[in-house]
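Colleague: Following this message is one structure expressed as structure tokens.
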Amino acid sequence: MRALDTRADLVQHQDWYGSPWPLTGATGAAMDAWITAGVTTGEAGECARRWRPHDRGHEVLAAAGDELERTCGAPGGAGEWSARVVVVRSPRHANQQAAGLATRLRHAETPLTALTPPRGRGTRQSTDAALRVEASDRGLTAPRVDGWLRVAWEQPVEPTTRDVGRGRGALHRATRVIQHTRDPSTHITRQEDISAARHQRVGWKAFATHAGHPRLSWQDAVVCSRHAYRVERLFNRLKSRVHLAPLCVKLHEPIEGLTYLLTLGVRV
């Protein structure tokens with residue numbers, strides 16, 4: 001459904017489509033600007049909202065966002081058409097992404113902390129400075145964690161007093177001070193200012209349809225986008241659990257009849 005040729009074929013046959021868009025390609029490049037516009041609209045209190053009943057009886061916010069118009073067209077197709085891009089932010093989806101970010105940050109902090117563990121039995125700090133720098137850079141630039149962590153290095157020096165020469169110590173014996181420099185220890189901190197700004201930009205999705213407002217309102221488009229996974233999951237169950245086998249059908253009528261029959265079975 002996300003393929004441009006598929007949507008162009010539906011438009012050519014005067015059918016309707018509703019499709020969630022992935023955050024890749026041209027959509028991923030334009031999604032950042034759409035999220036910025038959605039955040040600005042939300043701060044101004046002008047975004048549309050969808051409410052749902054809670055299990056305790058009161059209504060909670062299910063989604064909030066805005067929509068925009070976008071011109072689509074496939075090469076060699078029936079021409080261009082205007083599509084509505086519904087940009088939605090779900091609080092539950094935002095919480096899930098925030099929890100995933102916290103998990104990734106913990107996983108990134110673990111190898112950084114292991115480079116210079118506290119003093120104790122069975123622990124040894126890394127003595128190779130180049131290896132520490134390489135490992136810390138690799139942890140700080142891990143996928144989907146880049147820019148969230150900051151590492152501060154310090155190099156404590158421990159002085160030790162020793163007697164000069166061999167033998168027992170005496171009151172007036174000469175001494176010398178030996179300084180032992182430990183490996184740098186890391187202090188890992190999270191960028192709280194980036195985290196607060198980033199929290200407003202998680203939980204966003206894009207849903208495209210060319211159905212007009214009289215046929216499909218913004219609230220109904222949000223409901224359709226939430227049902228998309230359910231329909232795909234039903235077809236997955238139909239193919240994996242029922243173990244459908246290919247059928248040798250040559251005429252169009254049996255193909256359409258079997259398609260309608262299997263669709264009814266999935267909906268039931």
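Coordinate-derived values only; no laboratory data. Computed from a predicted structure; not experimentally measured. For neighbour counting, all protein chains shown are included, and Cβ atoms are generated from backbone atoms with ideal geometry for every residue, glycine included.
Colleague: Do any strands (runs of 3 or more DSSP E) lying entirely in the range 6-74 carry at least 2 residues that are in contact with a Ser or Thr (Cβ under 8 Å, 6 or more places away or on another chain) and surrounded by 15 or more Cβ atoms within 10 Å (Cβ to Cβ), and which ones are they? Lay out the reasoning, then the answer.
Modeller: On the way: elements: 18-21, 48-53, 59-73.
Of the strands (runs of 3 or more DSSP E) lying wholly inside the range 6-74, those with at least 2 residues that are in contact with a Ser or Thr (Cβ under 8 Å, 6 or more places away or on another chain) and surrounded by 15 or more Cβ atoms within 10 Å (Cβ to Cβ) span 18-21, 59-73.
Colleague: Taking the condition of being farther than 19 Å from G203 by Cα and in contact with a helix residue (DSSP H, G or I) (Cβ under 7 Å, 6 or more places away or on another chain), how many residues in the range 17-69 meet it?
Modeller: The number of residues fulfilling the criteria is 2.
Colleague: To continue, here is another question. Can you tell me which residue within the range 96-147, out of those that are among the hydroxyl-bearing types (S, T, Y), without any contact (Cβ under 8 Å) to a residue 60 or more places away in the chain and surrounded by 12 or more Cβ atoms within 10 Å (Cβ to Cβ), is farthest from T189 (Cα to Cα)?
Modeller: The initial filter retains those residues of the range 96-147 that are among the hydroxyl-bearing types (S, T, Y), namely 103, 110, 113, 116, 123, 126-127, 136, 141.
Imposing the further condition that a residue be without any contact (Cβ under 8 Å) to a residue 60 or more places away in the chain reduces the set to 103, 110, 123, 126-127, 136, 141.
From what is left, the residues that are surrounded by 12 or more Cβ atoms within 10 Å (Cβ to Cβ) are 126, 136, 141.
Values: S126: 21, S136: 13, T141: 15 Å.
Among those that are among the hydroxyl-bearing types (S, T, Y), without any contact (Cβ under 8 Å) to a residue 60 or more places away in the chain and surrounded by 12 or more Cβ atoms within 10 Å (Cβ to Cβ), it is S126.
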